[in-house]
Amino acid sequence: MSLEFDYYSLGDLVKIKYGKNQKKVQDDTNGQYPIFGTGGLMGYSIEYLYDKPSVLIGRKGSIEKVRYIEEPFWTVDTLFYTEVNDKIVIPKFLYYVLFLIDLSRYNEGTSIPSLRTETLNSLDLPIPNLDYQNRVLSILSKIDKKIEINEKINKNLEEQLSLLFNDWFVNCTPFKNEELIKSEWGVVPESWKDIEFGELIEITSGNRPDEKSEDKTSEFNIPLFGASKIMGYTKEYSYNEDILIIGRVGTHGVVQRVNYPCFPSDNTFVIKSDYYGFVYQLLKRIDYDSLNTGSTQPLITQKSLKTVNAVLPDEKILSKFEMISKTIFDKIQLNNDEISKLTKLRDTLLPKLMSGEIDVSKINCDLE
């Protein structure tokens, strides 16, 4: 297929705008508009900075990432946002164009990766006509929509399980007719026991891999987990079972649930338990700030985590919660597997569609 492009500098296609720091960060119940930083969603605001479709570009820090957003939003000053000339390029199409570019090649920072507007404005980009852009988006948007639906389903499932935990083990709603007593945990049925968290878990520290790669390859294909996310890839795994990973140094409060071959790094704790679903919920509710013993950076110890107050309900209710948790976790995993396949499909199609290597009229992308 022969496809003609016109070449534009990015400065011809957009006006690059600086984000602004937002002092009144809210949670999702009090704020309406998402606040984005280079690391992703930071909170919500009661006001927005821009309300039209835009491509967000990292200015400092994670400059290699771009994000597309259609709804009103706020960005902090480590991000650029763009006002797109949609008479030449559809905003989401421009996002895909920039997605294919390794913006880290244009780093002009020293200690912190940085991009300048002058450099971005001079980028030379191939842009096809609007009709072709729309046809490409008709395919890619279906894939993105299905990914988004699966992510929303998973979020809803997580919220349902969290609500169930609160109802059973915090509010004790099913046990109101039983004899309730005060405990370190709160008001609970008399048969429940006050314990230390260490009685529920087996905890070890992660390790530093001999070799690692920032990118996934055929050789380096085992996820290397940091305190809050995958931070690279290794050749070998250290765990291949149901584990929970939390930050030991640096970021605290993110609980990563993993059930496949992985390598937790040395800034993490690895937690195993017979009460996997129950412990997962407890970990999400711990006040990690109160456990911090670090001076220059946040740090928690195994001992401080083990001595956190917890509660041990009776075995019958615990087993029931574990069964429900496993059912929900399995559904989430199925959705995550589909997300991975769809992401791979999109990323494979993307450069071929953008270059005209694949005829868009011959692709059937029915994901309903």
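The values are calculated or read from the model by the stated rules, or taken from the named source; none is laboratory data. In this text the structure is predicted, and so the values were computed from the model without any measurement. Positions of Cβ are generated from backbone atoms using ideal geometry, with glycine treated the same way; all protein chains shown enter the neighbour counts. Remember, those area values only see protein heavy atoms, side chains included, never the ligands or the DNA or RNA. Shrake-Rupley method; radii C 1.70, N 1.55, O 1.52, S 1.80 Å.
I'm a student and want to see the number: the projected area of the Cα convex hull of region 1-122, averaged over all directions, in nm².
Dividing the Cα hull surface by four gives the mean projection, 8.4 nm².
Starting from the Cα of residue 344, step 7 Å along the direction of its Cβ; do the same at residue 151; then give the gap between the two resulting points in nm.
My value for the distance between the label points is 2.0 nm.
Given R₀ = 45 Å, FRET efficiency for residue 104-residue 195 by Cβ-Cβ distance, to 0.05?
The pair residue 104/residue 195 has a calculated efficiency of 0.40.
For region 271-317, what are Rg and Dmax over the alpha carbons, in angstrom?
In Å, with Rg to one decimal and Dmax whole: 12.8, 45.
Where the convex hull is taken over the Cα atoms of region 157-294, what is its projected area averaged over directions, in nm²?
The orientation-averaged projected area of the Cα hull of region 157-294 comes to 9.7 nm².
Binning at 5 angstrom from zero up to the longest distance, how are the C-alpha pair distances of region 74-159 distributed in percent?
Answer for region 74-159: a P(r) of 3, 10, 16, 18, 17, 15, 13, 7, 2 percent.
At 1.4 Å probe size, with every protein chain present, just tell me what the per residue accessible area of region 168-308 comes to in Å².
Accessible area per residue, region 168-308: 54 Å².
Roughly what angle does helix 130-165 make with the longest principal axis of the chain, taking Cα atoms, 0 to 90 degrees, to the nearest 10?
Taking the Cα atoms of the chain, the angle to 130-165 is about 10 degrees.
Expressed as a whole number of Å, what is the distance separating the alpha-carbon centroids of region 29-49 and region 307-341?
After rounding, the separation between the Cα centres reads 29 Å.
Over all pairs of distinct alpha carbons, what does the Kirkwood formula give as the hydrodynamic radius of region 26-73, in Å?
Over region 26-73, the inverse of the mean reciprocal pair distance is 11.2 Å.
Please identify, among 63, 181, 147, the residue showing maximal mean-square fluctuation in a Gaussian network model of the chain using a 10 angstrom Cα cutoff.
Most flexible of the set in this elastic network: 181.
Just subtract the alpha-carbon distance of residue 162 and residue 123 from 0.36 nm times their residue separation and send over the number in nm, one decimal.
Taking 0.36 nm per residue and subtracting the Cα distance, the gain is 9.4 nm.
Which of the peptides 38-50, 335-347 is most tightly packed, and how do the rest follow, judged by the mean count of other Cβ atoms within 10 Å per residue?
Result, highest mean first: 38-50, 335-347.
Give the Debye-formula value of log10 I(q)/I(0) at each listed q (0.07, 0.09, 0.12 Å⁻¹), with one equal scatterer per alpha carbon of the chain, two decimals each.
Debye intensities relative to I(0), on a log10 scale: -0.40, -0.66, -1.10.
How long are the semi-axes of the equivalent ellipsoid of region 240-346, defined as square roots of 5 times the Cα gyration tensor eigenvalues? Whole Å, largest first.
Computed over region 240-346, the values are 26, 22, 11 Å.
When the accessible area of the chain is split by element with a 1.4 Å probe, what percent falls to carbon and sulfur?
46
Under the Karplus relation 6.51 cos²θ - 1.76 cosθ + 1.60, θ = phi - 60°, what is the ordered set of whole-Hz ³J(HN,Hα) values for region 98-106, x standing for Gly and Pro?
Rounded to whole hertz, the list is 6, 4, 7, 9, 7, 5, 5, 5, 9.
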